[in-house]
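Working notes, beginning with the structure itself.
The values are calculated or read from the model by the stated rules, or taken from the named source; none is laboratory data. Everything quoted here is computed from the prediction, not taken from an experiment. Quick reminder, even Gly has a Cβ in these numbers, built from the backbone with ideal geometry, and neighbours come from all protein chains shown.
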Amino acid sequence: MNQPRLSRRTMVASGGIAAALGAAALGLTLPRWLSHRYAPTPYDDLLATLVDREQAARLGAVARASLPSFSARAAARELRQRFEQRDLAEVLDADIREGRIAEIGGWLLPDSLAQLCTLAAG
């Protein structure tokens, strides 16, 4: 039997394609490997909307100190309702328009952002 032989050009092209696919796959997964990992919480769906969760947690720690009666479950329920069909910017704009403003450490923030930060603080 005569089997078809692969030419050197076909082998080099196949190797190049395989290398390109490997590099693309690595490029898609590498940021996930290098990004900071947080312990899972029941509020990860909400906390994923934050750009910088560590800074939010710092601000949230200040908020938590001034809000001893803060209920994470109640805040999460309210935030999930606000986030239905909307992104963070839209929710924050609505807070400002509707006068939902919180004062934390001398800063005036939209209420949803203050609640997200407080959730991030744990």
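Inside the range 86-109, can you point out the residues that are closer than 21 Å to Ala48 by Cβ and surrounded by fewer than 11 Cβ atoms within 10 Å (Cβ to Cβ)?
Asp87, Ala89
Determine if the range 97-104 includes at least one residue that is modelled with pLDDT of 95 or more and of a type in the set (Gly, Ala, Ser).
Scanning the range 97-104 turns up at least one residue that is modelled with pLDDT of 95 or more and of a type in the set (Gly, Ala, Ser).
Inside the range 37-90, can you point out the residues that are within 11 Å of Leu119 (Cβ to Cβ) and in a loop (DSSP other than H, G, I, E, B)?
Matches in the range 37-90: Thr41, Pro42, Tyr43, Thr49, Leu50, Phe70, Ser71.
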